[in-house]
Amino acid sequence: MAMLKCKECKKEVSAKAKVCPHCGVKDPGFSAKDAFKGFIFLAVLVGAGYWYFSGGDDAAKELPKVKVCASNDGQCVFDAHLVDAIMECKDPIQSRSKYDYEWTNGAFGNIFSRYINEPEKNQITYLGDTLKFTNGFNAKVNMTYSCILDTKSNKLVDYVVTEGRLPK
């Protein structure tokens, strides 16, 4: 059994002792010096982890370049506003279901497959059909939905949900 000196009375005590049998101090083998060593070790470990995972590459610290689209370049506008469209449209579309709903696009699939660009109105309409609503008989019904987004404010203008599928 390992023996240590008590931090108070300096008499030998077991390393596993919770209380010194001679003076009654708690944790007799654990001193402030040990706590400081543990703190320094932890600080060095965190610093090394930060240094290792931060990479130190100055090129990675540059801000990503924002792609500027011509208003009549529909695919570019579609791509540039897609995340905003999903964020603005998904909840209102889902809320139209009376019972339950199921997205069938998969984990990494896009919910919008088509678009209609209207640059003169500063709007783009996103279209999709990867949604099924559950009806009163617990059957899944394919739904088509559209979402009109203002390209200046990235806000929802209008949305429509109807039964059916988009034509191929």
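Odds and ends about this structure:
- Criterion (among the basic types (Lys, Arg) and touching a Ser or Thr at 6+ places or on another chain (Cβ under 6 Å)) met by exactly one of 16, 7, 11, 33: 7
- Figure legend. Inter-residue proximity from the stretch 1-18: first residues assigned by TED's automatic domain parsing to the domain that holds residue 35, second residues of a type in the set (Phe, Trp, Tyr), beta-carbon distance below 8 Å, spacing 6+ or different chains. Indicated pairs: 7/30.
- Hey, residue 70 at pLDDT below 85 and under 25 Å from residue 132 (Cα atoms) or not: no
- Just one residue in the set 96, 114 is modelled with pLDDT of 90 or more, among the basic types (Lys, Arg) and under 21 Å from residue 168 (Cα atoms); that residue is 114.
- Look at the stretch 69-83: where a residue is at positive phi and of a type in the set (Phe, Trp, Tyr), no partner that is at pLDDT below 90 and not in a helix (DSSP H, G or I) sits 6+ places away or on another chain with Cβ atoms under 9 Å.
The values are calculated or read from the model by the stated rules, or taken from the named source; none is laboratory data. Computed from a predicted structure; not experimentally measured. Ideal geometry is used to build each Cβ from the backbone, glycine not excepted, and the neighbour counts take in all protein chains shown.
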